Amino acid sequence: MRGAALCLLLITVVLAAGCTREWSDPATEGVISLRISRPDATSEDVAPRVVPQSATKIRIRVWHPEAGVNLVATVPIKNGTAELNLAVPENEGYIVDVVSYVLVEGRATALTGGRAPDVTVHAKDTTKVEVTLRPWRTEAEGDEQIPPGEPYVVVLIATDADGLISRQTLESATLRASTTSFQAASAALPLSPNIPGVVLDHQMSFTATAPQVTALTTLYIAALVEFTSGWRDNALTTVGERPMYVELPNRHMGEALHQVVVDPTSGGIVIDITDVE
């Protein structure tokens, strides 16, 4: 089953009365308690490589689009498990977002994500919420073959990640490209062309210029996409780790980089000569 094959982490969220916050009466609060465990890699319900062993931390965002609540916390994965308690005032319509990530060149780089929408918190009561984390997948549109030195268009479309593909999650993106493959997760992300794109929900559009080459060349392409500021964890001591990013295509989860061909023989001037009577 597709859902089983993509399942990464099953998260149990318990809402119960408990901690106090300055902005809420303790009698009307609940505590979101998360215990996050990797499923058994040998389970029949889990496909090979579904659980990214490279994931070192989990970031949780509990927010309410109308009440103005936005709580962000980061917890390390130790022995395959992470635990966290967050106090929130009772309300309905909470959204619980979860991302697993790894540090790449000092950046928090997302591997998988998931969302539990429309969560209701009752004071002195318990609610169970399950979030299934899935990897981002990428579809690409635009030019497939381009002449050197000419502009080209790339559109990268994020899919899946169980709902974490909207403008509420992804905010800005820059294009990264190289004539040398950086497919390996250990390879550095190219610094150029670092051109900002237009982000519309889950779709990122870029216009760039093809490199000047004299032979048929493959151009390898990805985008570095930053999450909205609501995902920042300012409690982290490492400043560079506070924002959240995802690479698309998600090479850290096995996605292939987008490729276009730079062909010196393409383009040029076409002259049509006809007889004139």
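The values are calculated or read from the model by the stated rules, or taken from the named source; none is laboratory data. Everything quoted here is computed from the prediction, not taken from an experiment. Note that we place each Cβ from the backbone using ideal geometry, even for glycine, and neighbour counts take in every protein chain shown.
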Of the candidates Ala208, Ala185, Ala256, the one satisfying the condition of being modelled with pLDDT of 95 or more, hydrophobic (A, V, I, L, M, F, W, C) and either within 21 Å of Arg61 (Cα to Cα) or part of a loop (DSSP other than H, G, I, E, B) (or both) is Ala256
Any residue in the range 116-137 that is among the acidic types (Asp, Glu), in the same structural domain as Ala67 (by TED's automatic domain parsing), at positive phi and without any contact (Cβ under 8 Å) to a residue 60 or more places away in the chain? yes
